[in-house]
Amino acid sequence: MKTLIDTNVVLDVLMNREPHAAHSTPFMKLCGSSITGCITTNQTTDIFYLLCRQGKNEPEAKGIVQKLVENLTLIDVVAKDVYAAFSIPMDDFEDALLAQCAKRAKVDYIVTRNENDFVNSPVPALSPSDFLERFYP
């Protein structure tokens, strides 16, 4: 099974943001073993920036992102994705772009804490806890 992981789920784990990390961490541990966990290339810069804002120095943040991408599959963002995302009826363009990349990469689910933001996504969205309950009861 192939999943695209929303940035908020990744950050829940990396920043140990409770109560969300309690569900995001077990989900992320499945990535690379029983499921294919993916992020888009543009998410790497967002994650790096937010880690630095949290207080990590640049080499430390870079090391964290490098380890992350060694365990996940990267999905490139191409110009066609940007243009296609404009036509997806979603309020947040960043979410629409993730949804478009997920569609092009033939992802089964987007795993996010903000399922309501992906109601009009061409790829269904599940929270980490819903994903775990459905596929790993």
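Taking 16 Å as the straight-line reach from the Cα of Lys106, the lysines in range (excluding those fewer than 8 positions away in the same chain) are Lys2, Lys80. So what is the diffusion coefficient of region 1-113 in µm² per second by Stokes-Einstein at 4 °C and 1.567 mPa s, using a Kirkwood Rh over Cα pairs? The calculation lands on 90 µm²/s. Rounded to the nearest 20, the size of the Cβ-charge dipole of region 34-110 about its Cα centre is 200 debye, with Lys and Arg at +1 and Asp and Glu at -1. Of Met1, Met90, the sequence from fewest to most neighbouring Cβ atoms within 10 angstrom is Met1, Met90. Charge dipole (Cα centre; +1 on Lys/Arg Cβ, -1 on Asp/Glu Cβ; no other charges) of the chain amounts to roughly 400 debye.
With 0.36 nm allotted per residue and the present C-alpha distance subtracted, the Lys2-Gln54 stretch has 15.8 nm of extension available.
Listed by chain and number, the lysines placed with their C-alpha closer than 19 angstrom to that of Lys67 are Lys29, Lys56; residues fewer than eight positions away on the same chain are left out.
Post the alpha-carbon centroid distance, region 88-128 to region 17-86, in whole angstrom. If you average the Cα positions of each part, the centres end up 15 Å apart. Taking amide H as placed 1.01 Å from N in the peptide plane, the amide H of Thr36 sits under 5 Å from that of Lys2, Thr3, each at least 5 places away or on another chain. Place a label point 7 angstrom from the Cα of Ala22 along the Cα-to-Cβ direction, then list the residues of region 117-136 whose backbone nitrogen is under 15 Å away. Answer for region 117-136: 128-130, 133.
A short reminder: the numbers here are calculations on the coordinates, not readings from a lab. From a predicted model like this one, the values you see are computed outputs, not experimental measurements. Quick reminder, even Gly has a Cβ in these numbers, built from the backbone with ideal geometry, and neighbours come from all protein chains shown.
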